[in-house]
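Down below is the structure, laid out as structure tokens.
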Amino acid sequence: MTKSNKKRVFIFDTTLRDGEQSPGFSMNLDEKLRFARQLENLGVDIIEAGFPVASEGDFASVQQIAREIRGPQIAALARADLADIDRAWEAIKDAADPRIHTFISTSDIHLKYQLKKTQKQVLKEARAAVEHACTYTKNVEFSPMDATRTDKDYLCEVVEAVIAAGANTVNIPDTVGYAMPDEFGELIAYLFENVKNINDAVISVHCHNDLGVAVANSLSALKHGARQVECTINGIGERAGNASLEEVVMALETRKDLLGFSSNIKKKLIYHSSRLLTDITGIPVQPNKAIVGANAFAHESGIHQDGLIKEKMTYEIMTPQSVGVPETHIVLGKHSGRHAIKKHLEKMGYTNLTDEEIDKAFERFKELADVKKEIFDEDIEAILSYDVFRKLDKYRLIYLNVVSGNVAIPTATIQMEVDGEVIQDAGFGVGPVDATFAAIRKITKTDYYLLRYAVNAITGGTDAQGVVTVQLKYNGRTVVGRGADPDIIVASAKAYINTLNRVESLKAYDNKDAEVK
Ligand code: KIV
Ligand code: ZN
């Protein structure tokens with residue numbers, strides 16, 4: 001057995017592909033591009049930008065990312081199908097360093113019930129797919145899907161064949177999150193023992209979290225020779241998600257003594273990357289989420305606090321600063337100027353804002369500082385997410401007036417811009433939010449099913465900005481929008497309108513797909 005002794009781990013981020021395809025996490029092109037820029041700053045080695053054959057929208061986003069992001073390799077996913085591979089290549093061919101990632105299922109369960117193909121046929125298709133991809137680029141990754149439920153000797157045969165056909169990376173996915181850490185490590189060791197040409201490729205792993213062991217499985221695989229980990233920010237992904245990037249990276253960093261690996265990730269940008277994803281998708285992480293959850297570094301117990309005061313190491317295995325968690329403090333007031341805002345944004349990690357974006361942020365900051373005396377980092381992040389990065393949409397809120405109380409029938413009067421035309425109407429409801437949504441539905445002539453409505457305060461105090469999350473059901477999909485304002489009724493209106501605008505951008509993608517078919 002010869003296994004790679006190199007201790008450098010390649011981080012393959014699939015937030016924009018496996019993560020984005022899971023319910024509620026869809027992003028539009030601008031959002032994907034913004035997130036891809038952050039992944040580049042974070043230092044990931046490979047960005048899996050999408051699955052170009054899935055839709056015109058996916059294709060356009062992958063193409064744009066490939067054209068603009070020059071640091072990391074840009075991978076596009078394709079089934080082991082020649083036309084899929086052609087489409088993937090078309091999307092990434094302008095990248096500085098493109099990678100085609102092709103896959104086919106290899107487990108008996110998938111072969112029998114889903115593909116209805118024999119092992120021999122699948123082996124042939126896998127080899128042909130890799131050979132075809134290699135006519136475009138030498139940077140080809142192959143994944144035998146459902147590898148952990150595949151007959152081991154057949155898996156070895158497939159891995160050997162695709163490496164011989166030219167794959168320079170072979171990824172072993174635990175597609176259904178079935179494997180246990182020791183077992184998964186042993187599978188990787190088995191491949192190293194039984195695949196003759198295994199050292200001609202990098203062995204990668206892609207673990208799902210159905211049994212909560214995706215990160216443990218990935219670490220176990222590294223111990224047995226794997227050198228690439230596929231993961232996502234906040235661990236988002238199909239079903240229970242994928243291995244979380246921040247957990248894998250911080251486990252490698254914190255237990256370097258035991259594991260001895262290193263990655264190229266800039267750990268101080270981890271927290272900001274997590275927050276950016278939350279802001280874009282509107283889906284928060286659970287408070288007790290490792291590394292990036294709100295309580296990840298909070299110590300409540302008196303004994304722990306006592307220990308920490310005496311020596312941080314007593315209860316802290318890594319510092320919040322090491323992953324970029326900002327200390328909550330008042331950052332700016334109404335007298336702060338544009339220069340101070342710009343400098344502060346840079347300190348927060350927003351280093352590539354355009355002048356126009358800074359102007360917009362400053363303008364909104366001034367408005368907020370007029371009604372709220374203390375402005376926190378969280379307020380600045382909300383301004384960027386909800387006011388600066390939003391592009392011109394179909395619907396825009398101009399004016400909202402609400403009458404409510406325990407004697408009046410709650411009534412909302414709203415003025416909105418719809419495709420540039422100003423429209424005004426009123427709605428009634430059981431409360432001010434219900435009345436506001438009724439008025440918006442009238443003006444926009446929409447009636448999507450409301451799946452979820454949630455309000456959170458960004459910071460403490462009664463003058464805190466409220467962040468509202470709205471989820472609507474559109475065409476069987478969950479669409480999420482968010483809005484922030486010190487007035488929670490206004491925040492609710494902004495969130496509802498943002499969700500409707502996101503439905504509109506999905507519709508535009510769907511229509512483009514229909515035209516293509
Ligand atoms: O989970 C999986 O098997 C995948 C493959 C496409 C790599 O996402
Ligand atoms: Zn997956």
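A few remarks follow.
- Just one of the listed residues (A165, A201) is more than 30 Å from the chain's Cα centre (by Cα) and either open to solvent by 60 Å² or more (accessible area, probe 1.4 Å) or over 21 Å from S244 (Cβ atoms) (or both), and it is A165.
- At least 3 residues being more than 30 Å from the chain's Cα centre (by Cα) and surrounded by 15 or more Cβ atoms within 10 Å (Cβ to Cβ) is the threshold, and among the strands (runs of 3 or more DSSP E) wholly inside the range 421-507 those reaching it are 421-428.
- Residue in the range 429-441 that is free of Cβ contacts under 8 Å to residues at least 12 places away in the same chain and of a type outside the set (S, T, Y) present: no
Yes or no, residue by residue, for (1) touching a Leu at 6+ places or on another chain (Cβ under 7 Å); (2) of a type in the set (D, E, K, R); (3) within 16 Å of ligand 2 (Cβ to nearest atom):
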residue: T135; (1), (2), (3): no, no, no
residue: D153; (1), (2), (3): no, yes, no
residue: I163; (1), (2), (3): no, no, no
residue: D174; (1), (2), (3): no, yes, yes
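- For A83, the requirement of being in the same structural domain as S61 (by TED's automatic domain parsing), open to solvent by 10 Å² or more (accessible area, probe 1.4 Å), part of a helix (DSSP H, G or I) and away from ligand 1 (no atom under 16 Å from the Cβ) is met.
- Residue match in the range 238-256 (condition: assigned to a strand (DSSP E or B), touching a strand residue (DSSP E or B) at 6+ places or on another chain (Cβ under 8 Å) and open to solvent by less than 20 Å² (accessible area, probe 1.4 Å)): yes
- Pairing each residue of the range 260-276 that is closer than 23 Å to H344 by Cα with any residue that is of a type in the set (D, E, K, R) and buried (at least 21 other Cβ atoms within 10 Å of the Cβ), provided the two are 6+ apart or on different chains, yields C-beta distances under 6 Å for I270/E246.
- For the residues E417, E421, E378, the requirement of being among the acidic types (D, E) and either touching a Ser or Thr at 6+ places or on another chain (Cβ under 8 Å) or not assigned by TED's automatic domain parsing to the domain that holds L500 (or both) singles out E378.
- Search result, residues across the range 11-55 that are within 16 Å of ligand 2 (Cβ to nearest atom), open to solvent by less than 20 Å² (accessible area, probe 1.4 Å) and at pLDDT below 95: S22
- Residues that are of a type in the set (G, A, S), within 11 Å of the chain's Cα centre (by Cα), away from ligand 1 (no atom under 16 Å from the Cβ) and more than 20 Å from Y474 (Cα to Cα) within the range 10-56 comprise just one, A36.
- Number of residues in the range 212-237 that are assigned to a helix (DSSP H, G or I), out of contact with any Cys (no Cβ under 6 Å at 6 or more places or on another chain) and of a type in the set (A, V, I, L, M, F, W, C): the value is 6.
- Subset of the range 86-113 [open to solvent by 70 Å² or more (accessible area, probe 1.4 Å), over 24 Å from D58 (Cα atoms) and not basic (K, R)]: D108, I109, Y113
- Selection status of V371, in the same structural domain as N475 (by TED's automatic domain parsing) and either charged (D, E, K, R) or open to solvent by 70 Å² or more (accessible area, probe 1.4 Å) (or both): no
The values are calculated or read from the model by the stated rules, or taken from the named source; none is laboratory data. Only a predicted model underlies this, so the values are computations on that prediction, with no experimental measurement involved. Note that we place each Cβ from the backbone using ideal geometry, even for glycine, and neighbour counts take in every protein chain shown. The accessibility values were calculated without ligands, DNA or RNA, using every heavy atom of the protein model including side chains. Shrake-Rupley method; radii C 1.70, N 1.55, O 1.52, S 1.80 Å.
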